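All remarks here apply to the structure that follows.
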């Protein structure tokens with residue numbers, strides 16, 4: 001009798017293990033496609049979000065290229081700046097996503113999602129990938145603008161594919177960081193204030209605007225623990241061929257994204273109460 005019961009139980013466990021990854025991938029792809037639909041129906045957001053990085057490249061980049069006050073070796077400052085602005089743009093998109101989560105909580109959408117059989121990790125990862133989709137569209141706009149300004153960007157398909165992975169990992173980390181903050185503060189106003197408070201330190205504490213070698217000692221230490229610094233380093237190495245620690249960059253970004261997905265998943269249910 002016990003053997004008869006054990007066989008169906010084993011079959012059920014095996015089928016669950018097989019179907020769970022499919023369910024996770026299905027939910028992630030569904031949320032990503034939904035985000036693409038939003039972008040298709042509201043293209044004005046893409047243009048409004050492109051204004052700030054365009055100003056950084058057109059004004060800050062062009063001016064400091066002429067002044068030559070920031071040592072970037074044989075690389076024009078505009079080319080040095082472009083990957084940093086790309087990373088900054090993805091950061092700005094992801095860091096305030098927690099506001100959307102709080103809105104979903106207030107509208108009752110989050111509670112409905114949490115009672116579905118979808119694992120919380122899949123929900124958080126799906127939302128992070130959806131944010132990464134927006135960041136990638138924004139990255140395409142910035143790359144086109146940089147190319148029009150004469151920046152010599154790579155055309156190597158493998159480098160461009162690796163760039164996509166870097167943007168996804170960076171956006172995932174900062175999106176999940178935003179969800180984590182939302183799970184702690186529970187209100188949109190507090191999240192907006194915290195997001196604004198940490199965005200500039202993350203940006204200026206990376207090598208987006210200037211090389212690490214000219215940073216003061218304390219800022220170099222902060223850059224070592226700043227995921228945006230590793231994202232910028234990887235993008236700069238992949239897009240314009242600057243020497244970069246790509247192995248370290250990818251390792252840190254993968255680990256940081258995985259840890260933050262776990263933390264955000266644990267705090268997601270707190271938002272629904």
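Brief remarks follow.
- Placing one equal scatterer on every Cα of the range 214-273 and applying the Debye formula, the log10 ratio I(q)/I(0) at q = 0.14, 0.22, 0.29 Å⁻¹ is -0.53, -0.89, -1.12.
- Rounded if a/c under 1.5, otherwise prolate or oblate - the range 131-170, Cα gyration tensor axes: oblate
- Solution diffusion estimate, µm²/s, Stokes-Einstein, the range 82-137, Kirkwood Rh from C-alpha pairs, 10 °C, viscosity 1.306 mPa s: 127
- The slack in the chain from residue 106 to residue 156, taken as 0.36 nm per residue of separation less the alpha-carbon distance, amounts to 13.5 nm.
- Pairwise label distance in nanometres, residue 74 with residue 37, each label 7 Å out on the Cα-Cβ vector: 5.1
- With R₀ set to 22 Å, the beta-carbon distance separating residue 197 from residue 165 gives a calculated FRET efficiency near 0.15.
- Two-decimal ratio, the range 111-223, of alpha-carbon radius of gyration to 2.2 N^0.38 Å: 1.32
- Label-to-label distance, nm, for residues given as residue 190 and residue 204 (7 Å Cα→Cβ offset): 2.6
- Model label zone, residue 218; criterion: amide N under 16 Å from point 7 Å along Cα-to-beta-carbon; scope the range 196-210: 201-202, 204-206
Coordinate-derived values only; no laboratory data. Bear in mind that the values here come from a model prediction, so they are computed numbers and not experimental data. Virtual Cβ from ideal backbone geometry, glycine too; neighbours counted across all protein chains shown.
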